[in-house]
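I have placed the structure first, in the form of structure tokens, so that the comments after it can refer back to it.
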Amino acid sequence: MAALDELIEVSGGRTTRICLTIALVGVLAAGIWSLNWETLLNLHFGDLWRFRVAVLKGLGMTLTLTSAAAACGILAGTLLAIVMQSPVRPLRWFVVGYIELFRNTPILVQLIWIHFALPILTGVPTTAFVSGVIAIVLQASAYFSEIVRAGIQSVPPGYREASDALGIPVHTRWMRVILPPAFRTMIPPLVNMTISFLKTSAILTVLSVGELMTVATRISNATFRPIEILTVVAAVYFFFGWLISRLTGRIEAATARRETR
Amino acid sequence: MTFDVNVLPTHFPELIDGLLLTLRICLLSMAFGAFGALFLCLGKLSGRGSGYHVSVFVIDFFRTIPEVVLIFWIYSCLPLLFGARLSAEVCGIMALSLLVAANVAEIMRAGVQSTDQGQLEAAMSLGVPAHTIWLRIVIPPALQRMAPAFVNFMTELIKATSLLSTIGVAEMVYQANVLGNRTFAYVEFLTLVATIFFAIIFPLSLFVRHAEARLAHQKSR
């Protein structure tokens, strides 16, 4: 964006930078001035070392939930997206209703509903973990199917027409003609969605599923020191979100290289 | 199981209170957040210097950490760190404002940076004054492109307010829990709350769909 950068420089980029720096220094000064130094100097991050096993277990649970949401979500989402293309109208309406239902209500409400109402409806009691997984997978399938649908729509109609004209069977048409190029365009949104399910997994803390946030709340309740553990946990979440987005940069570059060959 | 709808009408006032609180929190955090977003967006667009690096980090950080962690952090750490008393509602509004600031800043930046390169170059080479370029060439189409992303984020924000029930802000989900505890009609109240959320968010996501389709149509022409 050379032209835009030039425009920004012409319309006072330097002044903006100076003003922003001054504002930053002001905010920092005000923050430092109003800090409660007594609390700050009494922070002991080293004390958290004895909770390392619990935190690692929580992290493992968080990553399990995230990968379950991403894997099942992509799989079920692809199926839903394919059903959306079907010529049978009631089937399409059903899928659209399902997707809209799960996209337009908060996951917290779905979670509580699934945990408390589903056992009453079905008569099968579920543990907190099972309810959590059901909720996160249902929501993931709805969100991922939207991405897959957009990906399928980005495939030029000529592909489908050509495969129809060649008499390629439906199964082969999806697996070898339409889905591969669709998935390549979908990598960035899929990764963003995976990061957003890393965030969603923290919401399962309301059922005490045992993921990272549950562990953090327990530790902070046991030690009466919320600052240390919550800060560390926030940093851990940030690190993993950053890691996932970094990995995709690589995947994208690799697929781009394969394309050009 | 029994699904007794008759318990609902007697408790409408509490639910309406919850709904109003949800909407108020949304509006306030949107207003504060938009203000912060403006600074973050300026910082990110300025391209280099300390403002740029701090903006990039702040945007990435608050977009990556889970909302729940942010809410709990602010609720349990800020009062200790600053030695101030903050109500749960204020903490919630702060957390959501940060969320709005980071996300809206990114939406605004994307909108500005997707300006048509050719139009920009043409205007610059014709010697159009900088403020006219901003007002006539950069901002109007940027706003149009931002609209779907912005409304989409709004739906996320409305859904995120439900998380404030975990720190005891008396919004809709919290009220549903309280009323459920009182009347044992958990499923009824939860279903009603889910329906209310759906009724608010569904029109917004329909708008997003239409706006996106319109933009795609424009682009293909």
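Throughout, read-outs are computed from the coordinates displayed, never taken from laboratory work. The structure displayed is predicted, hence computed values, not measured ones. For neighbour counting, all protein chains shown are included, and Cβ atoms are generated from backbone atoms with ideal geometry for every residue, glycine included.
Pull up the cross-link candidates among the lysines for B:K159, meaning alpha carbon to alpha carbon under 26 Å and not fewer than 8 places away within one chain.
Answer for B:K159, where 26 Å is the Cα cut-off: A:K199, listed by chain and number.
So what is the calculated 222 nm ellipticity per residue for chain A, using -39500 (n - 2.57) for each DSSP H run with n of 4 or more, over all residues, to the nearest 500 deg cm²/dmol? Could the numbers behind the result be given before it?
Details: 11 runs with 206 residues, N = 261.
One gets -27000 deg cm²/dmol as the mean residue ellipticity at 222 nm.
Can you give me the orientation-averaged projected area of the convex hull built on the Cα atoms of chain A, in nm²?
On the way: hull surface 87.4 nm².
Quarter of the Cα hull surface area: 21.9 nm².
With charges only on Cβ, +1 for K and R and -1 for D and E, what is the dipole size of segment B:4-66 about its Cα centre, in debye, rounded to 20? Before the final figure, lay out each step's value.
Values: 4 positive and 4 negative charges, 110 e Å.
Roughly 520 debye, rounded to the nearest 20.
When only C-alpha pairs under 8 Å and at least 6 residues apart count, what is the relative contact order of chain B, in percent?
On the way: 225 pairs, mean separation 62.0, N = 221.
Once normalised by length, the contact order is 28 percent.
What residue among A:L198, A:L121, A:L24 has the largest mean-square fluctuation in a Gaussian network model of chain A, using Cα springs under 10 Å?
A:L24
Convert each backbone phi in segment A:197-209 into a coupling constant with the Karplus relation 6.51 cos²θ - 1.76 cosθ + 1.60 (shift: θ = phi - 60°), then list the ³J(HN,Hα) values in order as whole Hz, x for Gly and Pro.
7, 4, 5, 4, 4, 5, 5, 5, 4, 5, 9, 6, 6
Mind checking which aspartates and glutamates have their Cα closer than 13 Å to the Cα of A:K57? Skip sequence neighbours fewer than 8 apart in that chain.
Candidates past the 8-residue exclusion: A:E211.
Residue by residue, what Karplus-based ³J(HN,Hα) values in Hz, rounded to whole numbers, does segment B:54-60 have, using 6.51, -1.76 and 1.60 with θ = phi - 60° and x for Gly and Pro?
Couplings: 5, 4, 4, 5, 4, 4, 4 Hz.
Quick one: in segment A:1-149, what % of C-alpha pairs are over 23 Å apart? Before the final figure, lay out each step's value.
Values: 7178 of 11026 pairs.
Taking all Cα-Cα pairs of segment A:1-149, the fraction more than 23 Å apart is 65 percent.
Positive end of the dipole of segment B:1-105, charges at C-beta (+1 Lys, Arg; -1 Asp, Glu), about the Cα centre: which of B:V7, B:P66, B:S55 has its Cα farthest in that direction?
B:S55
Over the C-alpha atoms of segment B:97-221, what are the Rg and the largest Cα-to-Cα span, Dmax, in Å?
Computed over the Cα atoms of segment B:97-221, radius of gyration and Dmax are 20.9, 71 Å.
Could you tell me what % of all Cα pairs in the protein assembly as shown have separations over 43 Å? Walk me through the numbers before you get to the answer.
Numbers: 23508 of 115921 pairs.
The proportion of pairs with Cα distances above 43 Å equals 20 percent.
Counting other C-beta atoms within 10 Å, and keeping those with at most 12, which DSSP coil trypsin sites (Lys or Arg not before Pro) do you find in segment B:10-49? Mind dumping the intermediate values first?
Values: sites: B:R24, B:K44, B:R48; in loops: B:R48.
Passing both the DSSP loop test and the Cβ count: B:R48.
Can you tell me the relative contact order of segment A:123-261? Whole percent, Cα pairs under 8 Å, sequence separation 6 or more.
Details: 79 pairs, mean separation 34.5, N = 139.
Here the relative contact order equals 25 percent.
Once the mean 1/r over all distinct Cα pairs of segment B:19-144 is inverted, what Kirkwood radius in angstroms do you read off? Display every interim value, and only then the final one.
Details: mean 1/r = 0.0611 Å⁻¹.
After inverting the pairwise mean of 1/r, the radius is 16.4 Å.
Which of B:V173, A:I112, A:T248 sits closest to the plus end of the dipole of the protein assembly as shown, meaning its Cα is farthest towards the positive end, when Lys and Arg get +1 and Asp and Glu get -1 on the C-beta?
Farthest along the dipole direction, towards plus: A:T248.
If you average the sequence gap of Cα pairs under 8 Å that are 6 or more apart and divide by the length of chain A, what percent do you get for the contact order? Intermediate results must be reported in sequence, preceding the final value.
Details: 216 pairs, mean separation 64.0, N = 261.
Computed over chain A, the figure is 25 percent.
Mind listing the phi-derived Karplus ³J(HN,Hα) values for segment A:128-144, rounded to whole Hz, using 6.51, -1.76 and 1.60 with θ = phi - 60°, and x for any glycine or proline?
Result, ordered by residue: 4, 4, 5, 4, x, 5, 4, 4, 5, 6, 4, 5, 4, 4, 5, 5, 5 Hz.
Add +1 for every Lys or Arg and -1 for every Asp or Glu among the other residues with Cβ under 14 Å from the Cβ of B:A147, and state the total.
On the way: positive: B:R145, B:R209, B:R214; negative: B:E212.
Net charge around B:A147: +2.
Averaged over its residues, how many other protein chain Cβ atoms are within 10 Å of peptide B:79-86's Cβ atoms?
Details: counts 3, 9, 9, 5, 6, 2, 0, 0.
Neighbouring Cβ atoms belonging to other protein chains average 4 per residue here.
Given C-alpha coordinates of segment B:79-154, what is the ratio Rg to Rh with the Kirkwood estimate of Rh? All intermediate terms of the calculation are to be shown ahead of the outcome.
Details: Rg = 18.6 Å, Rh = 15.0 Å.
Radius of gyration relative to Kirkwood radius: 1.24.
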